[in-house]
Each structure stands twice: as structure tokens, then as C-alpha cells.
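The values are calculated or read from the model by the stated rules, or taken from the named source; none is laboratory data. None of the values given here were measured: they were computed from a predicted structure. With ideal geometry, Cβ positions are generated from the backbone for all residues, glycine too; neighbour counts draw on all protein chains shown.
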Amino acid sequence: MRQLIRFINNCESIFVFLVFTIIFLAGLYSLIDTYLVYNGAADTSILKYKPGYDGPPPDKEIEGTMAGWLTMDDTGIDYPVMQGKTNEEYLNKDPYGDYSLSGSIFLDSRNSTDFSDDYSLIYGHHMEGGAMFGPLHKYLKQDFFKSHKTGTLTVKEKAHKLHAFAVLRTEATDPVIFSPTESTSEAVLEETAKTAVIKDKADMKKAKGKKLVALSTCQYPDTVYRIVVICFLD
């Protein structure tokens with residue numbers, strides 16, 4: 001009987017040890033995975049591909065279609081804009097073609113690659129720490145919006161000035177904002193005038209007749225709501 005009790009106690013000890021080992025390994029994996037996700041999102045080596053870069057050549061080559069380069073001044077948004085055959089392609093793929101949970105900044109697959117459409121839509125993940133399109137949520141604050149309106153969209157070595165004039169908080173099913181090739185710039189302006197949480201009326205007048213570019217990200221990972229910053233091209 002004593003041997004049986006000793007055996008049962010040993011089994012219980014081994015079981016408890018295994019459970020704690022599994023919990024520890026799971027936690028370690030989660031920490032490593034989180035580090036890799038945000039380290040990939042914050043990788044600045046991609047800046048070697050930025051138009052006008054003058055330095056040593058990059059170690060890797062960008063794969064796929066790079067439609068342009070997007071910079072929003074003093075926000076940390078400074079990335080190539082990729083475009084896939086579908087809008088799912090770059091959700092979890094970096095510009096080098098490798099798997100990445102942070103994905104890439106990408107142009108809607110329905111838009112013209114040269115941004116010749118009246119209205120173009122660009123997506124990016126809402127990453128913590130200011131990576132990818134994480135800074136877009138700051139545009140919900142009036143002061144930040146006022147001081148971070150300018151940017152640059154470089155397409156085929158030609159730099160176009162970007163000017164943000166409104167911020168929306170809308171659902172991903174919005175038929176005007178998320179139908180870039182079906183919606184005219186006039187329709188987008190009308191929708192923006194009605195639903196924007198922040199807007200500059202004087203800049204909205206300047207936007208009439210110009211090409212529009214929207215920057216979209218999830219407000220939170222588990223909701224259908226999107227933060228969309230609407231800009232016009234100069």
C-alpha cells in the first residue's frame with residue numbers, strides 16, 4: 001500500500017511539473033511571438049527602399065508590386081505601399097514576401113497602381129508602439145489632427161503632397177468609403193461632410209476636384225470599426 005501511495009504521489013508531482021512546464025513554454029512562446037511581431041513592424045531597414053535614399057544597398061529585395069511610398073510627417077508612418085491581387089495578400093505578408101503578422105501597408109487591389117483613380121484607399125494594421133498604421137488613432141484628437149496634416153505620396157519617383165482634411169470613424173461595410181473604384185471623389189466628400197468626427201471645412205473646399213487618398217486601419221482588433229484619415233493630393 002505504501003508503494004502504491006508513493007507511486008501516486010510521484011505521478012501527481014510529475015503531472016504538476018508537466019503542467020507548469022507547458023504553461024511556462026506557452027508563455028515564453030507568446031512573449032517571443034509578440035516580440036517578433038512588433039520587431040518586424042518596427043523594422044527600419046525597409047527605409048533603404050525609400051525614394052531618394054542615399055546609402056548602402058539593402059540586403060533583401062522587395063517582392064511583388066510596390067505602388068508607391070507613403071509618409072505622413074512626424075507620425076512614424078513612413079512605408080512602401082504594396083498592392084496585391086487581393087486585399088488579403090498583404091494582411092500577413094511583408095514587402096519582402098515573407099510571412100509577417102504585422103503585414104504591410106497596401107493599396108486596395110481594385111485601385112489603379114499609379115494612383116490615377118479619383119479615390120484611392122490604403123490599408124494598414126493598427127499596431128501598438130506607433131508601427132504601421134498605429135498612429136492613425138491619434139488623429140481622433142483635434143490637436144494632433146491640426147498639427148499632422150501633411151505628408152507625401154511618392155509614385156514612380158514623383159512626389160505628391162498629401163493633405164489630411166478629415167477623420168472618420170466608420171464601419172468596414174461603409175459602401176462609399178470602402179468601394180474605392182465605385183465611389184467618386186464627390187461622393188466621398190459628401191459622405192465625409194456628413195459623418196466625419198473631425199474635419200477642416202476650409203480644406204474640404206480645397207479638396208473639391210482633386211484626387212483623394214484615404215488611410216484606413218482598425219480602431220480595435222476585435223471590432224468592425226475603422227479609423228479613416230481622408231487626404232487630398234496636391
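Overview of values
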| read-out | value |
| --- | --- |
| Failed item, numbered, when Arg110 is tested on (1) outside any strand (DSSP E or B); (2) in contact with a Gly (Cβ under 9 Å, 6 or more places away or on another chain) | (2) |
| Residue match in the stretch 204-220 (condition: assigned to a strand (DSSP E or B), polar (S, T, N, Q) and surrounded by 17 or more Cβ atoms within 10 Å (Cβ to Cβ)) | yes |
| Odd one out for Val81 among (1) in a loop (DSSP other than H, G, I, E, B); (2) touching a strand residue (DSSP E or B) at 6+ places or on another chain (Cβ under 8 Å) | (1) |
| Residues (within 19 Å of Leu153 (Cα to Cα) and of a type in the set (A, V, I, L, M)) located in the stretch 67-105 | Ala67, Leu70, Met72, Ile77, Val81, Met82, Ile105 |
| Of all residues making up the stretch 92-129, the number that are of a type in the set (Asp, Glu), buried (at least 16 other Cβ atoms within 10 Å of the Cβ) and either within 16 Å of the chain's Cα centre (by Cα) or more than 23 Å from Ser183 (Cα to Cα) (or both) | 2 |
| Sole residue being over 21 Å from the mean Cα position of the chain (by Cα), of a type in the set (D, E, K, R) and surrounded by fewer than 15 Cβ atoms within 10 Å (Cβ to Cβ), chosen from Glu186, Glu171 | Glu186 |
| Scan of the stretch 143-168 for residues that are surrounded by fewer than 15 Cβ atoms within 10 Å (Cβ to Cβ) and under 23 Å from Tyr49 (Cβ atoms), ordered by number | Lys156, Glu157, Lys158, Ala159, Lys161 |
| Index of the failed condition, Lys85 passing every other in (1) at pLDDT 90 or above; (2) under 30 Å from Ser183 (Cβ atoms); (3) surrounded by 13 or more Cβ atoms within 10 Å (Cβ to Cβ); (4) not small (Gly, Ala, Ser) | (3) |
| Of all residues in the stretch 119-155 being part of a helix (DSSP H, G or I) and in contact with a strand residue (DSSP E or B) (Cβ under 7 Å, 6 or more places away or on another chain), the one that is farthest from Ala202 (Cα to Cα) | Gly134 |
| The stretch 178-201, subset in a helix (DSSP H, G or I) and among the basic types (Lys, Arg), residue farthest from Lys149 (Cα to Cα) | Lys194 |
| Residues within the stretch 156-177 that are not hydrophobic (A, V, I, L, M, F, W, C) and not in a loop (DSSP other than H, G, I, E, B), tallied | 7 |
